[in-house]
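Data first, discussion second: the structure below is written as structure tokens.
Bear in mind these aren't lab numbers, they're just calculated from the coordinates by the rules spelled out. This structure is a prediction, so every number in the text was calculated from the model and none was measured.
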Amino acid sequence: MKHQTLRLAASFMGIIAWLMAVIGVVVSVVVGIGAATVVARIGFVLGGFIVTAFFVIMLLAASRLINLFIEIEEDLSQLVKATRDKAGD
């Protein structure tokens, strides 16, 4: 099986993304609770959620993009093989 290392890296990126989501939400809530004013609390919580969501989406997109490139390469290899086999007939 080709590209095993890339598949492993993509899987780890997905796991890291979900861990970052959990940690980001917890940290945002903790920092928001510790803020002095209501406006600061809302700002810290919403800001933390937005930043966390952005980074999680980026990591998940990169993970899926790696998998997509691997699948494209495998499909192209199959097409080349089928074309060569057909040309050889």
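Listed values, structure above:
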quantity	calculated
Matching label, Kirkwood radius over Cα pairs in Å computed from the structure shown, candidates (1) 15.8; (2) 20.7; (3) 13.2	(1)
CD proxy at 222 nm, helix term only [per DSSP H run n ≥ 4: -39500 (n - 2.57); per residue of the chain; nearest 500]	-34000 deg cm²/dmol
